[in-house]
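Structure record follows, encoded as structure tokens.
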Amino acid sequence: MSLDVDAGRTRLRPVPPGPHRHRQSGRRHLLSWLDMRATPYLFVSPYFVLFALFGLFPLVFTLWVSLHEWQLAGDRDFIGMENYTQLLADTKFWNSVGNTVGIFVLATVPQLLIALLLANALNKRLRGRLVLRLSVLIPLVTSVVAVGVIFTQLYARDYGLVNWLLGTLGVEPIHWQNQKWSSWIAIATMVDWRWTGYNAIIYLAGMQTISRDIYEAASIDGATPRRQFWTITVPLLKPTIIFTVIVSTIGGFTLFAEPVIFGGGGMTGGTVGQFQTVAMFIVKEAFRDFDYGYAAAAAWILFLLILIAALINFAITRGLGRSR
């Protein structure tokens, strides 16, 4: 401001802003824009950087390897889609796909049903329910190696507890590793024992979000607890069920540890590959036969199979929810 003296009166006259004030105002606007627009991206950038390094790059590199005859040592020749054409005609690969799907169905369907019923029971007012809720997570924190060793002993042909119980019913001892159906059942029980409690806790968390007023209104209308479960709990729990179905699909198609331990550490999945999964097939091709290109092609086909199975299960789950 400046003084302007006119006829004995003093007035304040505004001074036009200088260049430095324009610069300060522009700097404040820039900082404000960065704070509102760029800062959120800066906070989430570590995830995308790690995903690019450990997720996207291995995915693209595996695709590149699958187009080559890639050995551990020696030449790496580009062969295009030859690995994929050989793989689609490989009976051993499709045998592993059939084993994976069979074990997945035997393990996942009972697992999710039991988990849903278990969560419904834990959602009721029980004495010591906190201890009961925590106890279902014990299998999850148990070492998978310990689980595999224990279940292998349970399913032993001569001294296993399962064969002993069947013997009391007059059933001849079963060599659980020799046949497809018996090995699938044994491995499926390992998976169910380990992951049923995990899914039950997820369902229980979803049930906790359902308002009790809905159940009270249904009780007034005369709905039984069973009818409330199938007409209220299950439909409102549909997003959670879809999540567990997709996660179980991914886990089931990448099953590796349980069948490997059940087979004594080998990657062949039995004498004739009766319980060899796709993950075991990939590891055998890559780290025993050192054919990385062939294993990379199998990994990409497994990715496509998981995607197709997840979409099918998603559609089935949504259809079941709409039918109620």
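The values are calculated or read from the model by the stated rules, or taken from the named source; none is laboratory data. Just so it is clear, the structure is predicted and the values come from calculations on it, not from any experiment. Heads up, the Cβs are rebuilt from the backbone with ideal geometry, glycines too, and the neighbour counts pull from every protein chain shown. We work out accessible area using only protein heavy atoms, side chains counted, and drop any ligands, DNA or RNA first. Shrake-Rupley method; radii C 1.70, N 1.55, O 1.52, S 1.80 Å.
Tabulated values for the structure
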item	result
Packing-based ranking, highest mean first, of 285-294, 255-264 given that Cβ atoms within 10 Å are counted	255-264, 285-294
Percentage of interatomic Cα-Cα distances in segment 237-311 larger than 18 Å	48
Cα point-scatterer Debye curve for the chain, base-10 log of I(q)/I(0) at q = 0.07, 0.16 Å⁻¹	-0.47, -1.34
Cα lying deepest toward the dipole's positive end in segment 167-314, options Gly264, Pro225, Trp176, charges on Cβ	Pro225
Tensor-based shape of segment 133-193 (alpha-carbon gyration tensor, a/c under 1.5 rounded, otherwise prolate or oblate)	prolate
Calculated [θ] (222 nm, deg cm²/dmol) that DSSP helices of n ≥ 4 give over the chain, each run adding -39,500 (n - 2.57)	-21000 deg cm²/dmol
Degrees between helix 91-122 axis and first principal axis of the chain (Cα, 0 to 90, nearest 10)	70
Stretch gain in nm, segment Ile79-Val145, where the contour uses 0.36 nm per residue and the Cα spacing is subtracted	19.8 nm
Heavy atoms of Thr142 accessible to a 1.4 Å probe, total area in Å² rounded to 10	40
The chain - percent relative contact order, Cα under 8 Å, separation 6 or more	24
In Å, descending, principal axis extents of the Cα set of segment 34-95	57, 30, 17
Karplus 3J(HN,Hα) series, Hz, for segment 202-218 with 6.51 cos²θ - 1.76 cosθ + 1.60 (x for Gly, Pro)	5, 5, 4, 4, x, 5, 5, 7, 7, 5, 5, 4, 5, 5, 5, 5, 5
Length released on extending from Val272 to Val101, taking residue separation times 0.36 nm less the Cα-Cα span	59.8 nm
Tensor-based shape of segment 186-285 (alpha-carbon gyration tensor, a/c under 1.5 rounded, otherwise prolate or oblate)	prolate
Overall form of segment 78-131 per C-alpha gyration tensor (a/c, 1.5; a/b vs b/c)	prolate
Largest-first principal axis extents, alpha carbons of segment 163-209, Å	49, 23, 12
Using alpha-carbon coordinates, inclination of helix 292-323 to the longest axis of the chain, degrees	80
Only Lys, Arg (+1) and Asp, Glu (-1) charged, at Cβ; the chain dipole about Cα centre in debye	1960
Leading residue at positive end of dipole, the chain (Cβ point charges), from Phe281, Leu165, Ala121	Ala121
Amide H contacts of Trp70 (H built 1.01 Å from N, under 5 Å, at least 5 apart or other chain)	Tyr292, Gly293, Tyr294
